[in-house]
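Some notes on the structure that comes next.
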Amino acid sequence: MNTRKNELADAVAQVKEDLAEAAKKAGRTPDDVSLVAVSKLHPASDIRDLVESGHMDFGENYVQEVQKKQETLADLDVNWHFIGGLQSNKAKFVAGKFALIHSVDSLKLAQALHKKAVSLDVVQDILLQVNIAEETQKSGIAVDSLQELADEVMKMDNIRLVGLMTMPPFFNEPELARPVFSRLRELRDGLETHVGRPLPHLSMGMTGDFIPAVEEGATLVRIGTRIFGARPPRG
Ligand SMILES: *Cc1c(COP(=O)(O)O)cnc(C)c1O
């Protein structure tokens, strides 16, 4: 028996139960919330174990690391999500290789992704990452600049905007993140009206705060530690 495999499958099953419960409590359907297992800094073998147990969505942050994993796991039908900070000079390695890029936060990055998507003749789904708490050290576009960036992205034929993502500041108490999540939902609702197209996705909620995120409308939650345990240091 592969105990790691069982451990991981159990952890995913438990998180899914919690997600379903939070969804029901908020009058939503469990199917409306997808779990993205954040596998950054964990080995490719963990991903393989979970795929064999039926989980397909994985989130990764670092270009070089995920490129290696995609090579190692090329035989599997993984839905890869890029969720980390991305420099526009690395966009060419990411466009076309991910089901969804959650972390687009500048025009320069959107343009670089678009250029690559055009050359590959693919349409790349993206989210715009919003820095709601306006923390200077965090990535994400300022709320004031969101509409303008969305307008520019909407002109790019090979980029499809499907929603918004945010990462709240670290709080000891998950309830304190709730206003950030409800604000992202309001921003999405306003932007939807502005661009005149549905923006179905809200990527919000991590290990420490996914319950209020689901209650506030998350459709994608990004959970690492709760599934894989503590991350080894990056190096
Ligand atoms: C690492 C990371 C996560 C997962 O965080 P956990 O607290 O381990 O669940 C989620 N989202 C982003 C953007 C991350 O970088």
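For the options LEU164, LEU41, LEU113, a Gaussian network treatment of the chain with springs between C-alpha atoms closer than 10 Å singles out LEU41 as fluctuating the most.
Full extension of the chain between ASN172 and ALA13 yields a length gain of 54.7 nm, computed as 0.36 nm times the residue separation minus the alpha carbon distance. The label point for LYS68 and the one for ASP157, both projected 7 Å from the Cα toward the Cβ, are 3.9 nm apart.
A Förster distance of 25 Å, applied to the separation of the beta-carbon atoms of LYS24 and ASP189, puts the FRET efficiency at 0.65. Loop only per DSSP, at most 11 neighbouring Cβ atoms within 10 Å: give me the trypsin sites (Lys or Arg not before Pro) in region 156-235, ordered by residue number. Filter output for region 156-235: ARG234. Shape verdict for the chain, please, from the Cα gyration tensor: rounded (a/c under 1.5), prolate (a/b greater than b/c) or oblate. Judged from the Cα gyration tensor, the chain comes out oblate (a/c at least 1.5, b/c at or above a/b).
Computed over region 141-228, the range of Cα coordinates on each principal axis works out to 39, 25, 19 Å, biggest value leading. Over the chain, dividing the summed -39,500 (n - 2.57) contributions of all DSSP H runs of at least 4 residues by the number of residues returns a 222 nm mean residue ellipticity of -12000 deg cm²/dmol.
Every number in this text was worked out from the coordinates using simple rules, so none of it is lab data. Everything quoted here is computed from the prediction, not taken from an experiment. Positions of Cβ are generated from backbone atoms using ideal geometry, with glycine treated the same way; all protein chains shown enter the neighbour counts.
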